[in-house]
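Please read the structure below before turning to the comments.
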Amino acid sequence: MTDDYVLSEDDIDLDALRAGDRAAFAQVVDLYADRLYNVALKLLGDPMEAEDAVQEAFISAYKAIDSFEGRSSLGTWLYRIAYNAALMRLRKKRPDTVSIDKPVRLDDGDTLPRQFYDWCCLPERDFMTEEALVHMEEAIGMLSDTLRPVFVLRDIEGLSTAETGDVLDISSAAVKSRLHRARLFLREHLSEYFSGWAREREKEED
Amino acid sequence: MADHSGHDHSKDKARCRALLGQLSLYVDGEAEKALCDEIERHIAECEDCRIVVDTLARTIKLYRDHGHVRLPGDARRRLYTALDISDYLDED
């Protein structure tokens, strides 16, 4: 959660960073290590690979800091480097299946809702278990490679539509349509999980 | 398809479909007033779509609140060492 981060981007001394100041660089790593790791992990689904991608990303960023012109925010720039590092690994891992540029359509059948169990107002303390968290992570893993990064950047990392488009090099319209498909897909999976959870609980209560 | 309220869903299915693509705008508070009104009128009548809207919003909230995985402590130490900044590692 963004609230957990103590530093903010405003605290970073960009001139010092560009001059190769280690303390300034350490501040950047403090600020972004968790966020870049989360993005890499969601994309790759493997903690070791994600760790390596984050390491590569910070090394690339350190080397390329001269070329950071400040047109986008430092955060957007770093997310882009980390995303690309993770994407390269993903392509190496699954060379045949990754086609990030595949067009996405909004209106095909797979986005039509099928689950209508109403879990919207269940108290979180009842259902937010370790198992539920694992299920949430698995559902993200099932998103297509086209939809997953959009959802992670926009809805988990909290980037704006424009920032997400900048990181992924896609239009705002593409961000919006992919985000919507990703959300519908995840809603479907969580609904399925929570309706099963509710049935189990009813059985236990009988 | 009849939904939980007994409302004949099939009659309005085209409506449900038409609105489905706009629901993210609505839950993000980015829908124009006219669209907002239209969705609210529809979900007052259509229980299935009401559930989709509410559980969609809850899905987003759950991921916002719980979707972060932080870099584990040992991985953090390896990262700071690899970047030659381990003297700045704040371990708490």
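Quick note: the coordinates plus some simple rules give every number you see, no bench work behind them. From a predicted model like this one, the values you see are computed outputs, not experimental measurements. So basically every Cβ, Gly included, is an ideal-geometry build from the backbone, and we count neighbours across all protein chains shown.
Cβ-Cβ distance below 9 Å, separation of 6 or more or different chains: which pairs start in region B:50-70 with a residue that is touching a residue at least 24 places away in the same chain (Cβ under 8 Å) and at the interface with chain A (Cβ under 7 Å from one of its Cβ atoms) and end on one that is assigned to a helix (DSSP H, G or I) and of a type in the set (Lys, Arg)?
These pairs meet every condition: B:Val52/A:Arg187; B:Leu56/A:Arg183; B:Leu56/A:Arg187; B:Ile60/A:Arg183; B:Ile60/A:Arg187.
Please enumerate the residues belonging to region B:20-78 that are part of a loop (DSSP other than H, G, I, E, B) and not charged (D, E, K, R).
Answer for region B:20-78, where residues must be part of a loop (DSSP other than H, G, I, E, B) and not charged (D, E, K, R): B:Gly21, B:Gln22, B:Gly29, B:Ala31, B:Cys46, B:Gly67, B:His68, B:Val69, B:Leu71, B:Pro72.
So A:Ile170 fits all but one of (1) farther than 21 Å from A:Phe127 by Cα; (2) part of a helix (DSSP H, G or I); what number is the exception?
Condition (2) is where A:Ile170 drops out.
What number of residues within region A:116-145 satisfy the criterion of being more than 8 Å from chain B (Cβ to nearest Cβ) and under 15 Å from A:Leu44 (Cβ atoms)?
Count: 6.
Taking region A:168-194 on its own, how many of its residues are within 10 Å of chain B (Cβ to nearest Cβ) and touching a residue at least 40 places away in the same chain (Cβ under 8 Å)?
Residues in region A:168-194 being within 10 Å of chain B (Cβ to nearest Cβ) and touching a residue at least 40 places away in the same chain (Cβ under 8 Å): 12 in total.
Right, B:Asp37: surrounded by fewer than 20 Cβ atoms within 10 Å (Cβ to Cβ), out of contact with any strand residue (DSSP E or B) (no Cβ under 6 Å at 6 or more places or on another chain), more than 9 Å from chain A (Cβ to nearest Cβ) and acidic (Asp, Glu) or not?
Yes, satisfied.
I'd like to verify a number: residues in region B:71-87 that are surrounded by fewer than 15 Cβ atoms within 10 Å (Cβ to Cβ) and on the phi < 0 side of the Ramachandran plot, how many?
7
Which ones in region A:166-189 are within 19 Å of A:Trp77 (Cα to Cα), touching a helix residue (DSSP H, G or I) at 6+ places or on another chain (Cβ under 7 Å) and surrounded by fewer than 21 Cβ atoms within 10 Å (Cβ to Cβ)?
Kept after step one, since they are within 19 Å of A:Trp77 (Cα to Cα), are these residues of region A:166-189: A:166-172, A:175.
Among the residues that remain, those that are also touching a helix residue (DSSP H, G or I) at 6+ places or on another chain (Cβ under 7 Å) are: A:166-168, A:171-172, A:175.
Of everything in region A:166-189, those that are within 19 Å of A:Trp77 (Cα to Cα), touching a helix residue (DSSP H, G or I) at 6+ places or on another chain (Cβ under 7 Å) and surrounded by fewer than 21 Cβ atoms within 10 Å (Cβ to Cβ) turn out to be A:Ser171, A:Ser172.
What's the number of the condition B:Asp74 fails, among (1) in contact (Cβ under 8 Å) with a residue 12 or more places away in the chain; (2) out of contact with any Lys or Arg (no Cβ under 9 Å at 6 or more places or on another chain)?
(1)
Tally time: how many residues in region A:46-95 are within 18 Å of A:Met142 (Cα to Cα) and surrounded by fewer than 17 Cβ atoms within 10 Å (Cβ to Cβ)?
Summing the residues that are within 18 Å of A:Met142 (Cα to Cα) and surrounded by fewer than 17 Cβ atoms within 10 Å (Cβ to Cβ) in region A:46-95 gives 6.
Is it true that B:Gly21 is surrounded by fewer than 22 Cβ atoms within 10 Å (Cβ to Cβ) and within 8 Å of another protein chain (Cβ to nearest Cβ)?
Spelling it out, B:Gly21 is indeed surrounded by fewer than 22 Cβ atoms within 10 Å (Cβ to Cβ) and within 8 Å of another protein chain (Cβ to nearest Cβ).
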